[in-house]
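Here it is, the structure, as structure tokens.
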Amino acid sequence: MPDTIFGKIIRGEIPCHKVYEDDRVLAFLDVFPLSPGHTLVIPKEAVATLDQLSDESAAAVGRVLPRICRAVMKATGTTAYNLLQNNGSSAHQAVFHVHFHIIPKADESHGLGIIWKAGKLDPSQGANLAQRIASAL
Ligand code: DGP
């Protein structure tokens, strides 16, 4: 995979406002925050999208994510937040190294804005889709 800005941050070649680090995970403030405390949690494993991540890195990220969420909320005094994880440029991914956004939602004018164009699941299509996804696991 080509190197990314997050690879450089992991190696300490460019600075970041670090909030957490262990053998497999790094968390730091986003330089273009949607709200104060907007934090990025990344595996040190260099893969572009979540589906490519090893079980070991996924477990390491999953283990610390709730703890980092609690710390962000405590430090910013917020109780609501969004966890965002973009995969692919059409899904708004700009940096092609897996990352989770923790985005505090203090009020309507800060944080993540969501346009949620919900459809309605057709029962027979749903049964077919669920079966195909389950078979692909
Ligand atoms: P995404 O669209 O999900 O790929 O979000 C990438 C995020 O990375 C975006 O919110 C801005 C942030 N970002 C980009 N470059 C840097 C950087 O050099 N340092 C930090 N801390 N964040 C960065």
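With a 1.4 Å probe and every protein chain left in place, work out the accessible area per residue of the chain in Å², rounded to a whole number.
Working: 8930 Å² over 137 residues.
Here the per-residue accessible area is 65 Å².
Based only on Cα atoms, what Rg/Rh ratio does region 1-125 have, Rh being taken as Kirkwood's radius?
Working: Rg = 15.5 Å, Rh = 15.5 Å.
Across region 1-125, the Cα-based Rg/Rh ratio is 1.00.
Let me ask something else. Setting aside same-chain residues fewer than 8 positions from Lys44, which lysines have a Cα under 22 Å from its Cα?
Lys8, Lys18
Same structure again: Only Cα pairs within less than 10 Å get springs; with that Gaussian network setup on the chain, which residue of Ala75, Ala127, Ala59 has the largest fluctuation?
The residue that fluctuates most here is Ala127.
Additional query: What nm value, rounded to one decimal, do you get for the distance between Ser109 and Asp23 when each label is placed 7 Å out toward the C-beta?
My value for the distance between the label points is 4.7 nm.
Something else: So what is the calculated 222 nm ellipticity per residue for the chain, using -39500 (n - 2.57) for each DSSP H run with n of 4 or more, over all residues, to the nearest 500 deg cm²/dmol? Spell out each step's value before the answer.
Values: 3 runs with 42 residues, N = 137.
One gets -10000 deg cm²/dmol as the mean residue ellipticity at 222 nm.
Tell me the label-point distance for the pair Leu83, Glu56, using the 7 Å Cα-to-Cβ offset, in nm and rounded to one decimal.
Calculated label separation equals 2.3 nm.
With every protein chain in place, what's the accessible area of Ser89 (1.4 Å probe, Å², nearest 10)?
Ignoring ligands and nucleic acids, Ser89 comes out at about 90 Å².
What do you get for the angle between helix 55-76 and the principal long axis of the chain? Use alpha-carbon atoms, 0 to 90 degrees, nearest ten.
60 degrees
Moving on to the next point. Could you please put His97, His110 in sequence from largest to smallest accessible area, using a 1.4 Å probe?
Numbers: His97 0, His110 80 Å².
Solvent-accessible surface, decreasing: His110, His97.
Something else about it: Rounded to the nearest percent, how much of the accessible area of the chain (1.4 Å probe, protein heavy atoms only) is carbon and sulfur?
Working: 5230 of 8930 Å².
Whole-percent figure for carbon plus sulfur exposure: 59.
Determine, from the Cβ-Cβ distance of Ile133 and Val95 and an R0 of 25 Å, the FRET efficiency 1/(1 + (r/R0)^6), rounded to the nearest 0.05.
Values: r = 28 Å, r/R0 = 1.10.
The formula returns an efficiency of 0.35 here.
Another question, if that's okay. Which residue, Ser57, Gly126, Asn87, has the largest displacement toward the positive end of the dipole of the chain when charges sit on each Cβ (Lys, Arg +1; Asp, Glu -1)?
Most positive-ward Cα: Gly126.
The values are calculated or read from the model by the stated rules, or taken from the named source; none is laboratory data. As the structure is a computational prediction, the values presented were derived from the model and not from experiment. Here the Cβ is made from the backbone with ideal geometry for all residues, glycine too, and neighbour counts use every protein chain on show. Areas reflect the complete protein model, heavy atoms only, side chains present, ligands, DNA and RNA absent. Shrake-Rupley method; radii C 1.70, N 1.55, O 1.52, S 1.80 Å.
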